[in-house]
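The values are calculated or read from the model by the stated rules, or taken from the named source; none is laboratory data. On a predicted model such as this, the values are computed, not experimentally measured, just so you know. Cβ sites come from the backbone with ideal geometry, for glycine too, and all protein chains shown count toward neighbours.
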Amino acid sequence: MVENNSTLTVAQVAAVLHKDNQTIRYLLDNRLVSWGMAYRRRGSKRKSYIIYADKFTAETGIKIAERGVSE
């Protein structure tokens, strides 16, 4: 089985879940969801966020395509 390693942005996920970006970042910061993660690079004050498209689709049933959303 080949995994698709594509990622989603916080804004994309927030839009399809009808939440704001800060809520999605909070979920990722506090490890409340398993479809993404937050991390801070050494020496940086800002966090970066990774949301795995495959895991997000598997857990929510929502597939985010490049040009839209399909359920």
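Looking at segment 50-70, which of its residues are in a helix (DSSP H, G or I) and either modelled with pLDDT under 95 or aliphatic (A, V, I, L, M) (or both)?
Matches in segment 50-70: ALA53, ALA58.
Pairs are defined by a Cβ separation below 8 Å, a sequence spacing of at least 6 or placement on different chains, a first member in segment 6-25 that is farther than 14 Å from ALA65 by Cα, and a second member that is surrounded by fewer than 16 Cβ atoms within 10 Å (Cβ to Cβ) and among the charged types (D, E, K, R); the pairs so defined are ALA14/ASP20; ARG25/LYS47.
Residue by residue, here is whether (1) in a loop (DSSP other than H, G, I, E, B); (2) touching a Leu at 6+ places or on another chain (Cβ under 6 Å); (3) at pLDDT below 95; (4) not aliphatic (A, V, I, L, M) holds:
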{"position": "ALA11", "(1), (2), (3), (4)": "no, no, no, no"}
{"position": "ALA14", "(1), (2), (3), (4)": "no, no, no, no"}
{"position": "ARG25", "(1), (2), (3), (4)": "no, no, no, yes"}
{"position": "SER34", "(1), (2), (3), (4)": "yes, no, no, yes"}
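Applying the selection to segment 9-22, what residues are loosely packed, with under 13 Cβ neighbours inside 10 Å and either farther than 17 Å from LYS63 by Cα or not small (Gly, Ala, Ser) (or both)? Selection gives HIS18, GLN22.
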